[in-house]
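Following: one structure in structure tokens, then a few remarks.
Bear in mind these aren't lab numbers, they're just calculated from the coordinates by the rules spelled out. None of the values given here were measured: they were computed from a predicted structure. For neighbour counting, all protein chains shown are included, and Cβ atoms are generated from backbone atoms with ideal geometry for every residue, glycine included.
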Amino acid sequence: MKKKITYKDAGVDIAKADDVISLSKNKIQETFNKNVLSSIGGFGSMYSIKDILQEFKDPVLVQSIDGVGTKMSVAQKANNFKYIGNDLVSACCNDVASTGAKPLTFLDYVAGSNLEKGVVAEIIKSVAEECKKHGVALVGGETAEMPGTYHTNEYDLVGIATGIIEKGKVIDGSKVEDGDIAIGVHSSGLHTNGYSLARKLIFDSLNLSVDDFLPGYDVTVGSCLLTPHMNYSTLVESLMNNNVNIKSLAHITGGGLIDNVPRVLPNNLSLDININSWKKIPIFEFLSNMLDIEKEDLYQTFNMGIGLVIVVSPEEKSEVYRCLGAKNYTEIGVVIKDGSNSVFLNEK
């Protein structure tokens, strides 16, 4: 005898996904512009590039895919998903902007074992709000309920940003020279990297909860760990529009300053950084004091307060500062001739 069973019996509620889209539809549509041709719910997202291409001789598309990693675990623990979408959009847009490109569109993907409508709607809302803030169209997305693939009440969030730039204006670090300076734009916290180590220390070793105060500081653990990732894409766009001669841009993500800066330096050059040139915010002071870890490992695991590194000639410094305006920034180092193509951490 055949056993009567439905998709819902298997743990997948299609109607719930439709409800999520309904709850999020207005926020998503607020990110649309004249170039968005597809409506919500189609099989593919359509974005017209006819008008945009008129501005370019040799246009290059730049794409980045990323996720929020184990920061999502902290959001789940705190039951706070208000800014997790901001983190995703910022992570992807910053990577695109690090080539000098302007992010145009965004796609998101939310999956879990059991998609709670309120949670998923809040996640998508935060994605849409960050997209709108930086002029990026949220052209499509996907939700997937997969019991058995994810643990109960576990969520995954991934996104793709696509941008465009004139080929001749691509920033790839090839023009960096000995004596150029590095300006660090401050981060707001861990952003989306280093969470596995931070979680192990804070939750497993110290047995703290998200509602506990960070020992020695007047701020909660949850507040520190869920501070939104900063988005530097409009800042980069401003520098480009003001014709600042940016020689290199490094988004400081997983791998910290140690791994990310050399990626955009010629092989015969290194960066000498004064790690005392910027004040560390509480979470980084705390991690530095509590972790039994070598300095190089610390600056390879965490961004340590610098989210974006801009390399320019010394003559461009005043113009960079003018464009950055009220943003927090510091001249953190100088490019030197050194064949190890690395980052040197000095305390001056």
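Antiparallel as a % of all DSSP beta bridges within segment 181-346, to the nearest 5?
Numbers: 21 of 25 bridges.
Within segment 181-346, antiparallel bridges account for around 85 percent of the total.
Kindly state, to the nearest 0.05, the FRET efficiency for Ser38 paired with Asp292, given R0 = 45 Å and r defined as their beta-carbon distance.
Details: r = 52 Å, r/R0 = 1.16.
Here the calculated transfer efficiency is 0.30.
Please state, rounded to one decimal and in Å, the Kirkwood hydrodynamic radius that segment 189-347 gives when every pair of distinct Cα atoms enters the mean of 1/r.
After inverting the pairwise mean of 1/r, the radius is 16.9 Å.
List the trypsin sites (Lys or Arg not before Pro) within segment 56-143 that DSSP assigns to loop and that have no more than 11 neighbouring Cβ atoms inside 10 Å. Walk me through the numbers before you get to the answer.
Values: sites: Lys57, Lys71, Lys77, Lys82, Lys117, Lys125, Lys132, Lys133; in loops: Lys57, Lys82.
Passing both the DSSP loop test and the Cβ count: Lys57.
Which net charge results for the neighbourhood of Lys57, defined as the other residues with beta-carbon distances under 12 angstrom from its beta-carbon, given Lys and Arg at +1 and Asp and Glu at -1?
Numbers: positive: Lys167, Lys169; negative: Glu55, Asp58, Glu166.
With Lys, Arg at +1 and Asp, Glu at -1, the neighbours total -1.
Taking a ≥ b ≥ c as the square roots of the eigenvalues of the Cα gyration tensor of segment 263-348, is the shape rounded (a/c under 1.5), prolate (a/b larger than b/c) or oblate? Display every interim value, and only then the final one.
Values: a/c = 2.40, a/b = 1.21, b/c = 1.99.
Oblate, since a/c reaches 1.5 and b/c is not below a/b.
Quick check: from the Cα gyration tensor, does the chain come out rounded (a/c under 1.5), prolate or oblate? Numbers along the way, then the final one.
Numbers: a/c = 2.30, a/b = 1.29, b/c = 1.79.
In terms of gyration-tensor shape, oblate.
Please give the FRET efficiency for Gln54 paired with Ser277, using the beta carbon to beta carbon distance and R0 = 41 Å, rounded to the nearest 0.05. Intermediate values should be presented prior to the final figure.
Numbers: r = 43 Å, r/R0 = 1.06.
Step by step, r from the Cβ atoms, then E = 0.40.
Evaluate the charge dipole of segment 169-208 about its Cα centre and quote only its size in Debye, nearest 20, assuming +1 on the Cβ of each Lys and Arg and -1 on the Cβ of each Asp and Glu. Can you show the working numbers first?
Working: 4 positive and 5 negative charges, 58 e Å.
Dipole magnitude for segment 169-208 comes out near 280 debye.
Using a 10 Å cut-off around each Cβ, can you sort Val335, Val96 from fewest to most neighbouring Cβ atoms? List each step's numbers first, then the result.
Numbers: Val335 23, Val96 27.
Ascending Cβ contact count within 10 Å gives the list Val335, Val96.
Fewest Cβ neighbours within 10 Å first, please rank Ser90, Ser318 accordingly.
Details: Ser90 29, Ser318 9.
Starting with the residue having the fewest Cβ neighbours, the order is Ser318, Ser90.
Over segment 14-169, calculate the relative contact order: mean separation of alpha carbon pairs under 8 Å at least 6 apart, over the residue count, as a percent. Don't skip to the answer; put the middle values down first.
Values: 291 pairs, mean separation 58.2, N = 156.
With pairs under 8 Å counted, the relative contact order is 37 percent.
Need one number for segment 14-169: average projected area of the convex hull over its C-alpha atoms, nm².
Numbers: hull surface 36.5 nm².
That works out to 9.1 nm², a quarter of the Cα hull's surface.
Given charges of +1 on the Cβ of Lys and Arg and -1 on the Cβ of Asp and Glu, with all other atoms neutral, how large is the dipole of the chain about its Cα centre, in debye to the nearest 20?
Details: 33 positive and 43 negative charges, 188 e Å.
Dipole magnitude for the chain comes out near 900 debye.
What does the net charge come to around Thr253 if you take all other residues with beta carbon closer than 14 Å to its beta carbon, with K and R at +1 and D and E at -1?
Net charge in that neighbourhood comes out at -2.
Treating cross-link reach as a plain straight distance, find the aspartates and glutamates whose alpha-carbon is under 17 Å from the alpha-carbon of Lys34, omitting any fewer than eight places away in the same chain.
Cross-link targets: Asp51, Glu55.
Along the positive direction of the dipole of the chain (beta-carbon charges: Lys, Arg +1; Asp, Glu -1; about the Cα centre), which of Ser277, Val311, Ser90 reaches farthest?
Of the listed residues, the answer is Ser90.
Taking the simple approach of a point 7 Å from Cα along Cα-to-Cβ for both Asn153 and Asn80, what is their distance in nm?
Reported label-point gap for Asn153 and Asn80 is 1.7 nm.
Less than 13 Å Cβ to Cβ from Ile336, Lys/Arg counted +1 and Asp/Glu -1: what total charge do the surrounding residues give?
Numbers: positive: Lys337; negative: Glu177, Asp178, Asp180, Asp272, Asp338.
With Lys, Arg at +1 and Asp, Glu at -1, the net is -4.
So how do Val244, Val312, Val74 line up by other beta-carbon neighbours within 10 Å, fewest first?
Numbers: Val244 17, Val312 20, Val74 23.
Ordered from fewest to most neighbouring Cβ atoms within 10 Å, Val244, Val312, Val74 come out as Val244, Val312, Val74.
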